[in-house]
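A.B. asks: Sharing a structure, written as structure tokens. Questions coming.
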């Protein structure tokens, strides 16, 4: 919308309301019963007054909004809040992944051998970013080699502000990024407060879901920030996120370039080269980055490559994780690593992933020495890939085997493995490493969810209309006869509206695949944003066109006037409801906790419940008041002109103000509760969970299962999404089970041709 249109649309809205009202007044004035004009004019004036007040308020709000920008002080406050949320998120993740205790695995890095970036001289000579306070400029010598603990020196001193970290599968790229984030936050806390605006807050996302051909990097990152942190929820939060990115208050770490489609990788690199105005770290596998770099470079980036872990370092790390003195099997294992550096075992355990799998899936009492005698199905010594597969196969049995003193797992091993295999297969089919619960509905047909939502909303809507009408008739005319007549009338005359409303609800809320909502305290100026206005005008237009079943309307002029006013009134109500919903989904600056999958699920349900109750009560109470106040034509009005049960002449609803308010409250409460159930994304996801339970035999309460898998370190969380603890585990589970008669979860290799031993303690998450 251009600036001129933004300035003129309030006048256009006033003109439209005036035209509709004037047309109604003319129609009533030309009717055979001009006496209707008085009641109609009173109602029209009240509507115009409300609308004019709203538009004036909007004019002032937009003027104030346009004249005020987010100040540097406010950006600093938001950056501090974001730093706290990021620190809490990744400190917890580091603990779950075993990156802190025992001490981190000694991963080293060197300049990559393959061409994955441009000349390092260009990266260090760039003046795009000054070194962070307290950090020296990173020269070419600093980029030759180092350890993970020294990554922040490179990140903070690189003139281009762009760093590419590559490595093989399981090399520890994500773990290195987590440790880099924590080091950056520690450094930010250590600098003087006046220098803190120069130190950005690092955030990390995966690249899945970004198409640079349709969305700019800045817009996509603002969207991801809104999904992960309540500080940036809603349209207003997205604007603040863009402002912080532009101001350099946020640094971005992007993982998974190798996980997006191959044809998209060069486009991503070109888009980041042109659009990234912030410090940027890119994580990817070496081979995939080298392939993409032949078509596009991340301009100005320096690259480092994580190295394989030597057998001496691997043996020393494993020894530090066990008893002192270690059991016999561990002594044999560490000795073999030192004595045979070129063996398949040493090659298999040369990366952090496999070392953590050994650490986590073999308890102190288990015979880890079995790894020394593993054989394949043909009886040959196991290769490094066979050993890696064997360790991956131990993850689920270790996680779902009851340990002494622990309660039994909520899900048994066969059921858990079956569900995780189905999930991994569907994720691989989608080409993603991110399990977003709000995207699960795309895994099942939409028609059953649409029908279930349609029927549910329709039945409850019909029940609400019947009860409300029963209250209106029951109070003045007798509880027994009046209520029965009212319920019958409510069902008979409201079926078309209920069917239409259920149809709209099914289409809007039953299909799913929408981002979850986050609830926040109400912000009233959101009433006057463009989207609520458009929703209100469209709702009013549709209502005016379809409202043809008004009983007792025999005069054409009056009928037209009622339809016009009906559309205008319902348009204003729809405007109010849409504005209230927009106001409740603004940024949650009072909620600085990072969102996890479970908390985003609960927030979405809470938003749906509150939004449904607000919308239901507003619509029913306002619509009931309008229909009560709107007088009926004289032929019916004269039947009871002095009925003492009414303070004012009775309206179309046929009841008094007290009855209308009670009926509106009850109907709004019922409708709001149902809307609160079906409106949030968690409703369609819950229906999809039931569909998957029928088709794939996964747990019906899938969120509980996923959270249980996270607690057992089979899954991990990155913001509001789940991931398998490593991509190789996801790929392993997505592989079709071998037709060898093995039971689920049984390791595929045996020690010396014998049966595989029992597994040990549940694993801790790591990469």
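The values are calculated or read from the model by the stated rules, or taken from the named source; none is laboratory data. Because the structure is a prediction, the values reported are computed rather than measured. Positions of Cβ are generated from backbone atoms using ideal geometry, with glycine treated the same way; all protein chains shown enter the neighbour counts.
A.B. asks: Kindly list the number of the only condition in (1) modelled with pLDDT of 85 or more; (2) closer than 16 Å to residue 686 by Cα that fails for residue 450.
C.D. replies: Status for residue 450: all satisfied but (1).
A.B. asks: Return yes or no: is residue 337 within 18 Å of residue 385 (Cα to Cα), in contact (Cβ under 8 Å) with a residue 24 or more places away in the chain, crowded, with 16+ Cβ neighbours inside 10 Å and over 37 Å from the mean Cα position of the chain (by Cα)?
C.D. replies: yes
A.B. asks: Among the residues of segment 340-370, which ones are buried (at least 21 other Cβ atoms within 10 Å of the Cβ) and in a loop (DSSP other than H, G, I, E, B)?
C.D. replies: Within segment 340-370, 349, 350, 351, 362 qualify.
A.B. asks: Would you confirm, using the coordinates I've provided, whether residue 244 is surrounded by 17 or more Cβ atoms within 10 Å (Cβ to Cβ), touching a strand residue (DSSP E or B) at 6+ places or on another chain (Cβ under 6 Å) and assigned to a helix (DSSP H, G or I)?
C.D. replies: yes
A.B. asks: Taking residue 375 as the residue in question, decide whether it is in contact (Cβ under 8 Å) with a residue 24 or more places away in the chain and out of contact with any helix residue (DSSP H, G or I) (no Cβ under 8 Å at 6 or more places or on another chain).
C.D. replies: Yes.
A.B. asks: Right, next: Of everything in segment 323-338, what is assigned to a helix (DSSP H, G or I) and modelled with pLDDT under 85? Give them in sequence order.
C.D. replies: Within segment 323-338, 328, 329 meet the criteria.
A.B. asks: Being free of Cβ contacts under 8 Å to residues at least 24 places away in the same chain and outside the structural domain of residue 175 (by TED's automatic domain parsing) narrows it down to one of 358, 331, so name that one.
C.D. replies: Checking each option against the conditions leaves just 331.
A.B. asks: Does residue 713 meet the test of being in contact with a helix residue (DSSP H, G or I) (Cβ under 7 Å, 6 or more places away or on another chain), closer than 25 Å to residue 405 by Cβ, at pLDDT 50 or above and assigned to a loop (DSSP other than H, G, I, E, B)?
C.D. replies: yes
A.B. asks: Which ones in segment 128-152 are surrounded by fewer than 19 Cβ atoms within 10 Å (Cβ to Cβ) and under 21 Å from residue 90 (Cα atoms)?
C.D. replies: Result: 147, 149, 150.
A.B. asks: Here is a check on your reading of the model: is residue 225 buried (at least 21 other Cβ atoms within 10 Å of the Cβ) and either part of a helix (DSSP H, G or I) or on the phi > 0 side of the Ramachandran plot (or both)?
C.D. replies: So residue 225 fits the description; yes.
Residue-wise test of (1) surrounded by 13 or more Cβ atoms within 10 Å (Cβ to Cβ); (2) more than 30 Å from residue 269 (Cα to Cα); (3) at pLDDT 80 or above.
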position	(1), (2), (3)
52	yes, yes, no
62	yes, yes, no
70	yes, yes, no
83	yes, no, yes
101	no, yes, no
112	yes, no, yes
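A.B. asks: Oh, and also: Just checking, does segment 437-445 include any residue being outside any helix (DSSP H, G or I), in contact with a helix residue (DSSP H, G or I) (Cβ under 8 Å, 6 or more places away or on another chain), without any contact (Cβ under 8 Å) to a residue 40 or more places away in the chain and surrounded by fewer than 16 Cβ atoms within 10 Å (Cβ to Cβ)?
C.D. replies: Scanning segment 437-445, I find no residue that is outside any helix (DSSP H, G or I), in contact with a helix residue (DSSP H, G or I) (Cβ under 8 Å, 6 or more places away or on another chain), without any contact (Cβ under 8 Å) to a residue 40 or more places away in the chain and surrounded by fewer than 16 Cβ atoms within 10 Å (Cβ to Cβ), so the answer is no.
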